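Below is one structure; the comments refer to it alone.
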Amino acid sequence: GNSVTQMEGPVTLSEEAFLTINCTYTATGYPSLFWYVQYPGEGLQLLLKATKADDKGSNKGFEATYRKETTSFHLEKGSVQVSDSAVYFCALRLIGTASKLTFGTGTRLQVTL
Amino acid sequence: DAMVIQNPRYQVTQFGKPVTLSCSQTLNHNVMYWYQQKSSQAPKLLFHYYDKDFNNEADTPDNFQSRRPNTSFCFLDIRSPGLGDAAMYLCATSRLAGLSTDTQYFGPGTRLTVL
């Protein structure tokens, strides 16, 4: 089956630290990959996406590269801010299906001054 | 701005009392989804509509129903809420492009409390 595995949180970092949140996937086809962010009490917002191998998604200083050889889509940011504190979800969707995203369990990021 | 709107943001109901959650969209997307997200867990798809075609997930309880009267609106009905149905309910939309769907856009969610 299809699944997404994320590193467990919470991840606590000081402001301006480097962030990596690991994400690996298992899929029976050729998935598109996504990172969504959820701020406290809110819905999910699309952060970035990549639709094929070696694509790099980027947004707001975050980036992730679709690595087919390692089935990974790790999220990185060079310098985090307090405002980045949120829960981050990695997700996949198979091409050719008008249906669901398969989410990882989410990683909570806490950034302190 | 085009968006996905959910009402209400917070809903309190009593055990066993039917409740309806609402979602509307101005994106003119043909696919609409309902997800359930329990505390500290990933969102779980309940069902989705492609236009008027309803697609239920195999493990969605019968207690959960949905209606889509037109392109813009979709409702989630919980016929007899139990304590275990307390969760955040997320509506999302996407556009079918060719053989696949485009990115899903989420509303802010409705947090349901069952007393």
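For this structure, a couple of remarks:
- Residue check for B:ALA58: modelled with pLDDT under 90, in contact with a Phe, Trp or Tyr (Cβ under 7 Å, 6 or more places away or on another chain) and not in a strand (DSSP E or B): no
- The residues listed here are B:VAL19, B:VAL12; of these, the one that is open to solvent by 50 Å² or more (accessible area, probe 1.4 Å), modelled with pLDDT of 95 or more, in contact with a Ser or Thr (Cβ under 9 Å, 6 or more places away or on another chain) and more than 9 Å from chain A (Cβ to nearest Cβ) is B:VAL12.
- In the stretch A:54-67, residue farthest from the other protein chains (Cβ to nearest Cβ) [restricted to those that are within 14 Å of A:TYR30 (Cα to Cα) and surrounded by 12 or more Cβ atoms within 10 Å (Cβ to Cβ)]: A:ARG67
- Sole exception among (1) among the aromatic types (Phe, Trp, Tyr); (2) more than 14 Å from chain B (Cβ to nearest Cβ); (3) farther than 16 Å from A:ASN2 by Cβ for A:PHE73, by number: (3)
- Residue count for the stretch A:75-113 under the criterion of being open to solvent by 60 Å² or more (accessible area, probe 1.4 Å) and more than 15 Å from A:GLN38 (Cα to Cα): the result is 5.
- Counted as qualifying within the stretch A:1-108 are the strands (runs of 3 or more DSSP E) with 1 or more residues that are closer than 22 Å to B:SER40 by Cα, namely A:3-6, A:11-14, A:19-21, A:23-26, A:31-38, A:44-50, A:75-77, A:86-94.
- The stretch B:28-53: number of residues that are of a type in the set (Ser, Thr, Tyr), within 9 Å of another protein chain (Cβ to nearest Cβ) and not in a loop (DSSP other than H, G, I, E, B): 3
- Residue satisfying condition, being loosely packed, with under 13 Cβ neighbours inside 10 Å, over 23 Å from A:GLY104 (Cβ atoms) and away from every other protein chain (no Cβ under 14 Å), within set B:ASN70, B:ASN63: B:ASN70
- Scanning the stretch B:37-60 for residues that are surrounded by fewer than 19 Cβ atoms within 10 Å (Cβ to Cβ) and under 30 Å from A:GLN6 (Cα atoms) yields B:LYS38, B:SER39, B:SER40, B:GLN41, B:LYS44, B:TYR50, B:ASN55, B:ASN56, B:GLU57, B:ALA58, B:ASP59, B:THR60.
- Remark: pairs (first residue in the stretch A:14-43, in contact (Cβ under 8 Å) with a residue 40 or more places away in the chain; second residue exposed (fewer than 12 other Cβ atoms within 10 Å of the Cβ) and part of a strand (DSSP E or B); Cβ separation under 6 Å; 6+ apart in sequence or on different chains) = A:SER14/A:THR112.
- Neighbours by Cβ (under 7 Å, 6+ apart or cross-chain): first from the stretch B:60-84, more than 20 Å from B:LEU115 (Cβ to Cβ); second open to solvent by 60 Å² or more (accessible area, probe 1.4 Å): B:GLN65/B:ARG79; B:SER66/B:PHE54; B:ARG68/B:LYS52; B:THR71/B:ASN28; B:PHE75/B:THR20; B:PHE75/B:ARG67
- Looking across the stretch B:77-114, the residues that are away from chain A (no Cβ under 14 Å), open to solvent by less than 20 Å² (accessible area, probe 1.4 Å) and not in a loop (DSSP other than H, G, I, E, B) come down to B:ILE78, B:VAL114.
- Test for A:ALA27: is it touching a Lys or Arg at 6+ places or on another chain (Cβ under 7 Å) and modelled with pLDDT under 95: no
- Counting only residues that are open to solvent by less than 50 Å² (accessible area, probe 1.4 Å) and within 14 Å of A:ALA86 (Cβ to Cβ), the stretch A:1-40 holds 10 of them.
The values are calculated or read from the model by the stated rules, or taken from the named source; none is laboratory data. Predicted, not measured: the structure shown is a model, and the values here were computed from it. All Cβ positions, even for glycine, are placed from backbone atoms using ideal geometry, and neighbour counts span all protein chains on display. Side chains included, ligands, DNA and RNA excluded: accessible areas come from the protein's heavy atoms. Shrake-Rupley method; radii C 1.70, N 1.55, O 1.52, S 1.80 Å.
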